[in-house]
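As structure tokens, the structure follows; a few thoughts come after it.
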């Protein structure tokens, strides 16, 4: 009998066994996740031997479903925290839609979330057609709710509550069917401090002083829908509040487990370790994204280092070499050798020596209906410009397409995804399997590049791209020039390829418009640049076209 079948049988015979104390239940059943042995040890020096696999360097583009119960209210990011912040937009939405958070908390949002229109096979086919080479699925967020059949969060997961489905299993099956590399994103390490507002209470109004539901325990559930469940397994709030916990800015300052945050308990860290190892062992992902400074719970705990070593060693056992990818944020020079650096909603301003990734979203991370109604989504043009810029600097783009609470995407999002696919079908050869050229580009946007802020957050703050902006990629001896718009005249000048340029190290023989069946373009090289005579009519989707220079 499989261990999971054993759990199921015991739970049916005596539900209280698992509902009362899942950690104790796990110990009783003597669960010990299999830890892969190999050359990698849980330390930064050992992990620095990691080499980014070629498949990831070639893939360039992935799509992310950052989807969980916080999408059910369709009110945007960090709902499960904001709903407990008196006077915030999320709090006000919650009051109007559900009632006061002392009476209807996030546990109750989970209960009403059904995801009844979720069709992973259809969505993954759409993303494959859009040109994605890998797919990332949210495995849990800071809300601490696992979206898979979780041995170590056995009560607060999507197979027991909400949709009552194994969402990660569904995503994984659909991704493999489409031939996509499969990844999971893990954010639950921060539930400890992120949920702290749920311990608090209104300071004014009719509910002043009435505690929110973040302090409830199992004994408070008698006669309620959650009878037998312990909300503390979800909220993890049986600890003192961190310093300045009532200041919304503090959570960001304490993201690295310093600056006055209440240290996480060993039990909390151990449970996170077990949950994540269980996830990796059960669904065999190719990529794991951690929404953490470096690794989860570092430096308060070494469990993140242990998880990384296991994941790499497991990949060696399966593939003979490391084909796995782990993402981390705000990495120092040593840590960048150990993990793939992820920049959130931002780009590097230089060609990076090691492969990296930017993660961004066409809307809010969690679905926000307001973005749809006010047509605030990123356009396909913006996404393609970002992709070209990132790839020219040795990066990949992971694009989140927000999923509605019911599991579908809206018609505007679908249109954006389809248009990305149209562009990639025309010009993808300048993206996939490429490497940076001698310089990443030219044009006025480079002169106003905005530095990174924290985890990233510099996207959209610089000068918009125009036809004067060009990004370069290379494949062997071939150079691709991705031009960010069709010029007003049919003449294009590429200054970096002028006569005598330090970057032009061979005589040019031919220039073609990628995606066009027309003849080679006329060109000349002078002291001002490479002068190219373009066709009289712009191609479809002219906001970014590609010249192949050989």
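The values are calculated or read from the model by the stated rules, or taken from the named source; none is laboratory data. Please read these numbers as outputs of a predicted model, since none were measured by experiment. Here the Cβ is made from the backbone with ideal geometry for all residues, glycine too, and neighbour counts use every protein chain on show.
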Going through the range 511-525 one residue at a time, which ones are touching a residue at least 12 places away in the same chain (Cβ under 8 Å), assigned to a loop (DSSP other than H, G, I, E, B) and surrounded by 11 or more Cβ atoms within 10 Å (Cβ to Cβ)? 514, 515, 516, 521
Conditions: (1) more than 22 Å from residue 446 (Cβ to Cβ); (2) modelled with pLDDT of 95 or more. Residue 546 meets all but one. Number of the miss? (1)
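The rows are residues; the columns are (1) in contact with a strand residue (DSSP E or B) (Cβ under 8 Å, 6 or more places away or on another chain); (2) surrounded by 18 or more Cβ atoms within 10 Å (Cβ to Cβ); (3) in a loop (DSSP other than H, G, I, E, B).
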residue	(1), (2), (3)
96	no, no, no
107	no, yes, no
122	no, no, no
135	yes, yes, no
139	yes, yes, no
168	yes, yes, no
176	yes, no, no
179	no, no, yes
184	yes, yes, no
Residues within the range 340-354 that are in a loop (DSSP other than H, G, I, E, B) and either without any contact (Cβ under 8 Å) to a residue 60 or more places away in the chain or closer than 19 Å to residue 80 by Cβ (or both), tallied: 2
Pick from 504, 479: which is more than 30 Å from residue 292 (Cα to Cα) and at pLDDT below 95? 504
Those residues of the range 502-532 which are within 18 Å of residue 491 (Cα to Cα) and over 41 Å from the mean Cα position of the chain (by Cα) amount to 519, 522, 523, 524, 525, 526, 527, 528
Looking at the range 186-207 only, could you name the residues that are surrounded by 17 or more Cβ atoms within 10 Å (Cβ to Cβ) and assigned to a loop (DSSP other than H, G, I, E, B)? 187, 195, 200, 207
Based on this model, can you work out whether residue 474 counts as in contact with a helix residue (DSSP H, G or I) (Cβ under 6 Å, 6 or more places away or on another chain) and either part of a loop (DSSP other than H, G, I, E, B) or modelled with pLDDT of 95 or more (or both)? no
Is there a residue in the range 410-432 that is at pLDDT 95 or above, under 26 Å from residue 493 (Cα atoms), surrounded by 18 or more Cβ atoms within 10 Å (Cβ to Cβ) and touching a strand residue (DSSP E or B) at 6+ places or on another chain (Cβ under 6 Å)? yes
Of all residues in the range 346-381 being surrounded by fewer than 17 Cβ atoms within 10 Å (Cβ to Cβ) and closer than 14 Å to residue 451 by Cα, which is modelled with the lowest pLDDT? 349
Within the range 30-38, is there a residue that is touching a residue at least 24 places away in the same chain (Cβ under 8 Å), farther than 25 Å from residue 150 by Cβ and in the same structural domain as residue 273 (by TED's automatic domain parsing)? yes
Pull out all pairs, ordered by first then second residue, where Cβ-Cβ is under 6 Å, the residues are six or more apart or on different chains, the first lies in the range 275-286 and is surrounded by 24 or more Cβ atoms within 10 Å (Cβ to Cβ), and the second is assigned to a helix (DSSP H, G or I). 276/307
Checking residue 225 against (1) surrounded by fewer than 16 Cβ atoms within 10 Å (Cβ to Cβ); (2) more than 30 Å from the chain's Cα centre (by Cα); (3) closer than 20 Å to residue 149 by Cα: exactly one of these is not met. Which one? (3)
Just need a number here: residues in the range 299-314 that are more than 14 Å from residue 52 (Cα to Cα), crowded, with 19+ Cβ neighbours inside 10 Å and under 22 Å from the mean Cα position of the chain (by Cα). 6
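Matching residues to (1) exposed (fewer than 14 other Cβ atoms within 10 Å of the Cβ); (2) part of a loop (DSSP other than H, G, I, E, B); (3) in contact (Cβ under 8 Å) with a residue 24 or more places away in the chain:
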| residue | (1), (2), (3) |
| --- | --- |
| 480 | no, no, yes |
| 492 | no, no, yes |
| 499 | yes, yes, yes |
| 508 | no, yes, yes |
| 539 | no, yes, yes |
Looking only at residues in the range 463-477 that are surrounded by 17 or more Cβ atoms within 10 Å (Cβ to Cβ) and free of Cβ contacts under 8 Å to residues at least 40 places away in the same chain, which one is nearest to residue 392 (Cα to Cα)? 470
Subset tally (residues that are assigned to a loop (DSSP other than H, G, I, E, B) and over 19 Å from the mean Cα position of the chain (by Cα)) for the range 355-378: 3
Taking the residues in the range 315-339 that are in a strand (DSSP E or B) and in contact (Cβ under 8 Å) with a residue 60 or more places away in the chain as candidates, determine which candidate is surrounded by the fewest Cβ atoms within 10 Å (Cβ to Cβ). 329
